[in-house]
1. State log₁₀ I(q)/I(0) for the stretch 40-144 at q = 0.12 Å⁻¹ as given by the Debye formula over alpha-carbon point scatterers of equal weight, solvent excluded.
2. Report the per residue volume, in Å³, of the convex hull enclosing the C-alpha atoms of the stretch 193-267.
3. List the GluC sites (Glu not before Pro) within the stretch 79-174 that fall in a DSSP loop (any state other than H, G, I, E or B) and whose Cβ has at most 13 other Cβ atoms within 10 Å.
4. Using only the alpha-carbon atoms, how far is helix 105-117 inclined from the longest principal axis of the chain? Give it as 0 to 90 degrees, nearest 10.
5. Percent of alpha carbon pairs in the chain separated by more than 38 Å?
6. Which order do peptides 285-297, 227-239, 404-416, 65-77 fall in by mean Cβ count within 10 Å, highest first?
7. Rounded to the nearest 0.05, what FRET efficiency do residue 384 and residue 247 have when you use their Cβ-Cβ distance and R0 = 25 Å?
8. What nm distance separates the two modelled labels at residue 100 and residue 86, each placed 7 Å from Cα along Cα→Cβ?
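The values are calculated or read from the model by the stated rules, or taken from the named source; none is laboratory data. It should be emphasised that the depicted structure is a prediction, and the values quoted were computed from it without experimental measurement. Cβ atoms come from the backbone with ideal geometry, glycine included; neighbour counts cover every protein chain shown. The protein model used for the area step is the full one, side chains on, heavy atoms only, and it has no ligands, DNA or RNA in it. Shrake-Rupley method; radii C 1.70, N 1.55, O 1.52, S 1.80 Å.
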Amino acid sequence: MKYKFLIAVFFLILGCNDKPAKINRDAINRVSTDVEYLHAAEKKLTDLIVTDIFTPPVASRVYVYPMLAAYEAGRFSKAGYNSLTVKMKGFDIMPIPEKNKDYNFTIAAIKAMCTTAKKVVFSTKIVDEFEAKTLSELKNGLTDTIYNTSIAFGESVANVIIKKLNADYYKETRGMERYEVKDLAGRWTPTPPDYSDGIEPHWAKMKTLVADSAMQISAAPAAPYSEDKNNPFWKEVLEVYQISKSLTDEQANTITFWDDNPFVSRHKGHLMFQDKKMTPGGHWMAICQLVLKEKKSDFTESLQAYAIISVALYEAFISCWAEKYKSNRLRPETIISAKIEKQWHPFLITPPFPSYTSGHSTVSGAAAEVLTNLFGDNFAYTDTTEKEYGLPVRSFTSFRQAALEASMSRVYAGIHFRSDCENGNKQGIKVGDLVMKELKVKN
């Protein structure tokens, strides 16, 4: 009888060892708290863009691929979120989770995002450190099996994204010739104080994600150059000049708030120093985060919003840059200093690329349209995103109002004509509409 009891206990132990380990469901599905890790990852991307000094068009590429990777890996944490890349151009079919396996999709999303980010930034060590710290915290309470399965899934998604980004024509544009400046009336030429070459003259050759081509969404034709005092173009020239002579404090504050120049040289006497800030796209990504936090959006909702707005920013820069180097319009500084006041300079340093259309206006219009579609019109908010750069907060009644103010700030600053900005904003709105239509996102 004693032996029978021992044999029964022995087989009972064997049976217990064959059972799967108890799964910590809370650790798998902590989407309500894990969203903070996602917000931290988005902010880390912005910091990297500032550190690595990417131009605004290139910065849009730095956002879009990691954000798409995060979304495609993390969207399974909540039912009803479909693949976005399946509706875009050039992506292979994304992997999906295997049945009968448990995943932590926050871990998968962070892994996919960081793996992809290391392919589009220079400071990969910073990404490594962020990734190691974040994943270590997320691993707490999970079995090795769940953790390793989640990591592998994130990597598999990242591999598909990386294959696409390696074929987006970015590398080819790095080796192309500089922009050839032609000394013709009304055409863009380098401006003081650095007289830099035109930035990213071949960005229109980048492969789009949703648009059929870089020129699918073009702006209305720019008013022809003219020195006729009754010509619409000349009236725009005079407007910029007259604003500069009677600039109000409110206009100056608006200029500074929306400056968003990622790397500008400041000159004081014989000294030159550098001033780093967010890019225009980075500002709108930060606004998106601010709104997500205010609405207490969960992990998957936040993933989707970041992914969609990053696509809109990317498409807007391609569309805008195609128009810039097609229209090749000169900057206000060039004509005002030549025809009105020799020593005239704008409030901000003129960026080194053609004037029409305004980049700030186009990307702001696109971003505002996406945010309006996602969160509704007349969404009032206070923008605190520039506080870390020493700037005050500003309040807005809607995203569209903010976009229009961002546009006009460039006229106040003396670096754009009114039509650059008004038509750029309209161009951006069309981009935002196209993105929402093609991705078939329901708000």
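1. -0.44
2. Values: hull volume 14.6 nm³, N = 75.
Cα convex hull per residue, to the nearest whole number: 195 Å³.
3. Values: sites: 98, 129, 131, 137, 155, 172; in loops: 98.
Sparse-neighbourhood loop GluC sites (Glu not before Pro): 98.
4. Helix 105-117 and the main axis of the chain meet at about 40 degrees.
5. Working: 27094 of 97903 pairs.
More than 38 Å apart: 28 percent of the Cα pairs in the chain.
6. Working: 285-297: 18.7, 227-239: 13.8, 404-416: 24.8, 65-77: 28.8.
Going by the mean number of other Cβ atoms within 10 Å, highest first, we get 65-77, 404-416, 285-297, 227-239.
7. Working: r = 25 Å, r/R0 = 1.00.
The value I calculate is 0.50.
8. Result for the modelled spin labels: 2.4 nm.
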